[in-house]
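Nothing in this text is a laboratory measurement; each read-out follows from the coordinates by a stated rule. Computed from a predicted model, the values in this text were never measured in an experiment. Cβ: placed from backbone, ideal geometry, glycine included. Neighbour counts: every protein chain shown.
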Amino acid sequence: MKQFARFFLILFVSFAMISIASCKEDDDDDDNNNNNPANSVEAKIATDSNIANPTDWKSASVSAVVVNNITTITAVGTDGSQLIITLPVDATGTYALNASNSSSPTVIFTEDPVASGTNPNLLFYGVDGSGSVAITKYDKTNKKISGTFQFQTIRLLSGVRRYFTLGEITDVTYL
């Protein structure tokens, strides 16, 4: 029951962040160029068929919120996919994916957020013991988060996996 409550809290916060991010006016295009890594999430992503040759995954937009010491980072990829990383802490440290540990991150990835909204079987979930999220900077004065990550995600019913390596969270601004 606790797992379900945690999952629904993550989904609620994620959808709220997406709504807030989509309401933002896009009047600062000159400040948002791909040469500036600030406020970005990037990684290499692979499937079982291309595990030796992963492709680049980059965020087109990133939002983050901290509510009751729970940090949620939502990155929308340039291809429309979405990566949500939730940490039940607001501090630096390395956090292994482990559902039995209350300070473990939760990871959700979707290649098609619209279809996943009506079919939760299309969501990929972080695999216990498959990786970690390391928060190297948690600047509460300037509200910036930076760190690294690597982990596997899986669709629970089909067993299809996505492998994230060399993940970087760079100066993501949080509310």
How big is D for segment 55-130, in µm² s⁻¹ as a whole number, if Stokes-Einstein is applied with the Kirkwood radius of its Cα pairs at 4 °C and 1.567 mPa s?
97
When the chain is fully extended, how far beyond the present Cα-Cα distance does LEU175 get from LYS58, taking 0.36 nm per residue of separation?
40.0 nm
Tell me, what is the percent relative contact order of segment 37-175, built from C-alpha pairs under 8 Å that lie six or more residues apart?
26
Suppose the chain between ASN50 and ASP139 were pulled fully straight at 0.36 nm per residue; how much longer would it get relative to their current alpha carbon spacing?
28.4 nm
Using only the Cα atoms of segment 97-175, what are the Rg and Dmax in Å?
14.2, 43
Could you tell me the convex hull volume per residue, in Å³, taken over the Cα atoms of segment 42-175?
107
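Around PHE151, under 13 Å between beta carbons, what's the net of Lys plus Arg minus Asp minus Glu among the other residues?
With Lys, Arg at +1 and Asp, Glu at -1, the net is +2.
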If you count, for each residue, the other Cβ atoms within 10 Å and average over each peptide, how do 143-155, 51-63 line up from highest to lowest?
143-155, 51-63
Rounded to one decimal in nm, the spacing of the 7 Å Cα→Cβ label points at GLU168 and ASN119 is 3.5
